[in-house]
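All remarks here apply to the structure that follows.
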2 protein chains.
Amino acid sequence: MNLKQLSHMLSLSQTTVSRALNGYPEVNEETRRRVMDAAKRHGYRPNPSARRLATGKTGMIGYVLPTGTSVDIDPHFVEFLSGLGDYARSHELDLVLSPADADDQETTYRRIVANRQVDAVYISSPRPADRRVALVNTLGIPFIVHGRSEGFDFDYPFTDIDNEGAFHEAARLLVQLGHRRLALINGDDRETFAIHRERGVRRALAASGLTLGERHVCSVVMTEENGYRATRRLLEQSDAPTAIACSSLIMALGVVRAVRDLGLTIPGDLSLIAHDDVFPWLKPENFSVPLSTTRSSIRLAGARVAERLAARISGLEEGARGEVWPVDLVVRGSVAGAPG
Amino acid sequence: MNLKQLSHMLSLSQTTVSRALNGYPEVNEETRRRVMDAAKRHGYRPNPSARRLATGKTGMIGYVLPTGTSVDIDPHFVEFLSGLGDYARSHELDLVLSPADADDQETTYRRIVANRQVDAVYISSPRPADRRVALVNTLGIPFIVHGRSEGFDFDYPFTDIDNEGAFHEAARLLVQLGHRRLALINGDDRETFAIHRERGVRRALAASGLTLGERHVCSVVMTEENGYRATRRLLEQSDAPTAIACSSLIMALGVVRAVRDLGLTIPGDLSLIAHDDVFPWLKPENFSVPLSTTRSSIRLAGARVAERLAARISGLEEGARGEVWPVDLVVRGSVAGAPG
DNA sequence: AGAGTCTTCCAAAGCGCTTTGGCTTTCCTG
DNA sequence: CAGGAAAGCCAAAGCGCTTTGGAAGACTCT
């Protein structure tokens with residue numbers, strides 16, 4: 001059942017039927033009702049391909065997915081996706097993932113924009129002066145950055161959490177508890193979030209005349225194994241830290257294992273605070289010693305990004321407003337006063 | 001730059017240019033070269049929307065993503081996606097995720113098929129007599145099931161691992177080691193994979209005249225917390241098992257924690273074998289006691305599904321061939337002879 | 001040389017929708 | 001009641017590609 005058939009059936013022109021269906025004003029309400037009725041009754045659904053060709057709108061939002069045999073998709077992604085999908089569903093938006101060589105995403109961005117394959121895109125895990133941000137900005141497609149990039153001469157719309165503030169708070173608490181040697185087990189420090197977190201820790205330390213030693217900060221891919229290794233390395237050096245801030249719950253698993261392997265205890269020998277993105281399958285309160293965390297639901301962020309994308313597509317949102325969400329510090333059993 | 005302009009520029013008809021570009025035989029090789037050349041030089045790229053409208057082909061594969069505020073996407077999904085994306089990239093295929101109410105996916109399947117939004121779909125986490133499988137089968141869109149459904153009067157193409165065989169092997173090993181009371185901490189037993197795993201365990205036990213007690217099998221959503229709870233329940237009952245087979249590494253984290261909380265040890269008091277889908281961020285060899293596993297890369301499965309989908313789209317694959325991959329049993333420190 | 005067969009190309013008809021520009025009709029105003 | 005505005009509808013022109021049904025010319029064969 002297509003427009004032609006439907007309009008013929010109603011003895012109306014395609015124009016009128018199309019307008020009636022799309023809510024244009026120049027059609028009699030009585031007629032509109034008739035049309036709507038018939039459309040529903042015959043289960044008419046406009047062919048999206050045709051509509052796309054005519055309007056250029058696709059009803060899809062895009063994401064360029066970095067891939068490669070040695071490229072792992074971050075497990076956070078799936079939670080973000082949950083939120084995104086949940087919102088998208090209620091607005092009849094689909095999400096198209098365009099896999100790209102991790103080292104050449106630019107080509108793919110250009111392609112999906114040139115081809116008008118999506119109405120908007122989002123960018124995640126941005127780095128300072130991220131080329132992708134600059135690119136989509138010049139390409140002129142609506143977009144939202146999840147996270148932040150820095151060092152551009154233009155503004156852009158983003159949704160981020162206050163990573164610096166969160167880790168500042170966490171470090172401040174540890175310092176207040178008497179810790180003098182803090183360590184940071186961070187994610188990839190080429191990404192902005194990691195930079196911000198380190199900045200937060202440094203700022204808190206500086207406020208008390210302390211510093212974050214060169215050897216007290218690790219930047220690694222966020223796996224359990226890397227958490228373990230980093231912790232071993234940290235705790236086996238001469239000026240071992242008495243407290244650790246850790247960028248992910250997954251790495252925290254490794255931290256806990258390492259501490260145990262070394263015959264130490266949390267929080268007796270080491271205080272630990274980790275960032276919790278709120279996974280349904282791994283909760284900080286369920287660690288053998290309940291974990292203190294800086295907490296921010298990445299799923300909510302996904303929903304928010306979808307919401308903003310939808311708003312930008314429909315022209316409800318404009319400009320380059322960036323929003324930064326505060327992060328909760330949740331204190332549990334894994335922190336205590338510095339030993340000794 | 002569109003076809004019209006390009007053909008005008010070459011003083012050829014659109015027909016000829018189109019054919020030259022798409023490799024049709026009825027065009028002079030000399031002409032083809034000229035066309036190809038000009039296309040490349042001017043960066044001509046056919047408009048996919050237009051092509052879609054004309055051919056019906058989209059170059060996309062679809063997945064209906066169950067969502068809802070209380071619906072969590074399985075973390076396995078992201079690994080599967082890695083593999084899928086990796087293959088898709090090399091074949092210029094995009095993946096479209098259509099979020100759907102978890103309780104009504106049918107509408108969405110119908111929509112994406114009716115709208116010709118994708119060339120093929122895949123289905124994951126199937127249940128016995130899964131309605132989605134029956135649906136896409138009748139809708140006539142190419143598809144592959146990742147996993148298996150059962151109880152249909154038709155065949156369908158799937159890629160699955162030998163869950164039954166894997167857990168049969170695991171249980172057999174445990175029995176050989178003298179264990180008499182096994183327990184199974186399984187995933188949602190409405191899904192086929194869980195049913196097969198249970199079947200495998202039962203078969204192994206039966207071969208030695210043993211059975212899997214009612215209270216020795218748990219079916220839960222695969223989270224760390226549920227692994228913990230299940231283990232506590234199992235180990236605190238009178239006829240506590242001496243060995244556990246566990247359906248996921250994430251739950252195994254909870255198992256290990258519960259065992260520790262109870263002051264017991266692995267493998268001294270309890271042997272443990274878990275299924276490992278091969279996450280880059282959590283490895284069985286890195287558990288405090290290296291974990292024995294049944295091992296099968298879900299990422300490889302993703303790549304394979306993508307490959308088969310591509311083959312079906314292009315007509316290279318037909319029929320309803322199902323394939324079942326063997327699963328490796330990897331023995332590590334977490335298993336030992338039964339205590340006592 | 002005439003008939004038949006390829007080869008190579010083209011004009012035009014879709015695909016199904018939106019949108020422009022215009023044409024009636026109706027309804028007010030003064 | 002003439003004149004103008006507003007309402008309601010339509011025909012047709014795109015959007016950019018593929019594909020059908022020829023047609024013209026070159027080539028082969030008898």
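The values are calculated or read from the model by the stated rules, or taken from the named source; none is laboratory data. Not measured: the values here are computed from a predicted model. Counting neighbours? That spans all protein chains shown, and the Cβs are built from the backbone with ideal geometry, glycine included. Ligands, DNA and RNA are excluded from the accessible area calculation, which covers all protein heavy atoms including side chains. Shrake-Rupley method; radii C 1.70, N 1.55, O 1.52, S 1.80 Å.
Tabulated results
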| quantity | calculated |
| --- | --- |
| Scope segment A:69-111; condition farther than 21 Å from B:Ser49 by Cβ and facing another protein chain (nearest Cβ under 7 Å); matching residues | A:Thr69, A:Asp72, A:Ile73, A:Pro75, A:Phe77, A:Val78, A:Leu81, A:Ser82, A:Gly85, A:Asp86, A:Arg89, A:Asp101 |
| Residue match in segment A:183-194 (condition: assigned by TED's automatic domain parsing to the domain that holds A:Pro267 and more than 27 Å from A:Asp72 (Cα to Cα)) | no |
| Count - residues of segment A:296-319 that are in contact with a helix residue (DSSP H, G or I) (Cβ under 9 Å, 6 or more places away or on another chain) and open to solvent by less than 40 Å² (accessible area, probe 1.4 Å) | 12 |
| Given (1) farther than 17 Å from B:Ala166 by Cβ; (2) in contact (Cβ under 8 Å) with a residue 12 or more places away in the chain; (3) more than 13 Å from every other protein chain (Cβ to nearest Cβ), index of the condition B:Ser238 fails | (2) |
| Cross-chain or 6+ apart pairs with Cβ under 7 Å, segment A:1-14 first and more than 15 Å from A:Val27 (Cα to Cα), then open to solvent by 50 Å² or more (accessible area, probe 1.4 Å) and near DNA strand C (Cβ under 8 Å from one of its atoms) | A:Asn2/A:Asn47; A:Leu3/A:Gln14; A:Lys4/A:Gln14 |
| Complete set of residues in segment B:9-44 that are in a helix (DSSP H, G or I) and more than 10 Å from DNA strand C (Cβ to nearest atom) | B:Met9, B:Leu21, B:Arg33, B:Met36, B:Asp37, B:Ala38, B:Ala39, B:Lys40, B:Arg41 |
| Check on A:Thr55, under 30 Å from A:Thr138 (Cα atoms), of a type in the set (S, T, N, Q), within 13 Å of DNA strand C (Cβ to nearest atom) and not assigned by TED's automatic domain parsing to the domain that holds A:Asp277 | yes |
| Output for segment A:15-44, where each listed residue is closer than 21 Å to B:Val113 by Cβ and either touching a residue at least 12 places away in the same chain (Cβ under 8 Å) or more than 43 Å from the chain's Cα centre (by Cα) (or both) | A:Ala39, A:His42, A:Gly43, A:Tyr44 |
| Search result, residues across segment A:42-71 that are open to solvent by 70 Å² or more (accessible area, probe 1.4 Å) and at pLDDT 95 or above | none |
| Residue that is farthest from DNA strand D (Cβ to nearest atom) [pool: residues in segment B:1-44 that are more than 14 Å from every other protein chain (Cβ to nearest Cβ) and on the phi > 0 side of the Ramachandran plot] | B:Ser11 |
| Failed item in (1) more than 8 Å from every other protein chain (Cβ to nearest Cβ); (2) away from DNA strand D (no atom under 16 Å from the Cβ); (3) over 17 Å from the mean Cα position of the chain (by Cα), with A:Tyr122 passing the rest | (3) |
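Residue-by-condition table, conditions (1) within 27 Å of A:Glu307 (Cβ to Cβ); (2) touching a Phe, Trp or Tyr at 6+ places or on another chain (Cβ under 8 Å); (3) in the same structural domain as A:Ala310 (by TED's automatic domain parsing):
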position	(1), (2), (3)
A:Arg19	no, no, no
A:Asn28	no, no, no
A:Arg32	no, no, no
A:Val35	no, no, no
A:Val71	no, no, yes
A:Pro75	yes, yes, yes
